[in-house]
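The values are calculated or read from the model by the stated rules, or taken from the named source; none is laboratory data. Since the structure is predicted, the reported quantities are computational estimates derived from the model, not experimental observations. Neighbour counts are summed over all protein chains in view; Cβ atoms, including those assigned to glycine, are modelled from backbone coordinates with ideal geometry.
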Amino acid sequence: MTGKSRIKRKVVKEQLTAILKKINKNYANLSFKKNLQYQNIDSIDYLNFILKVQSKLKINLNNKELNKIKTLNNLITLISKKL
């Protein structure tokens, strides 16, 4: 991983954390490595999170891409490729 991509991933992680915190302060403590399905994130909050991510970062995630997201790290990788 190059220095630029490491910086990009760090910035994306910070932005995701800020969005999660705005939705629910408890979500700021979610693990970026664990499967989201097992972290007690409400399904409506998850949908709201994805919509806010797309809006804030000005990206579009299609259904196929969304279905591949299992962890927040997966999402960071996907977003980093789109930026």
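Of all the criteria given as (1) closer than 28 Å to T2 by Cβ; (2) surrounded by 13 or more Cβ atoms within 10 Å (Cβ to Cβ), the one not satisfied by Y46 is (1). Among the residues of region 47-68, are any touching a Leu at 6+ places or on another chain (Cβ under 7 Å) and hydroxyl-bearing (S, T, Y)? No - not one qualifying residue is present in region 47-68. In region 63-83, the residues that are under 17 Å from L36 (Cα atoms) form Cβ pairs under 8 Å with partners that are polar (S, T, N, Q) and at pLDDT below 95, at six or more places apart or across chains, as follows: K70/Q37.
Note on region 1-56: residues that are among the basic types (K, R) and in contact (Cβ under 8 Å) with a residue 12 or more places away in the chain amount to 8.
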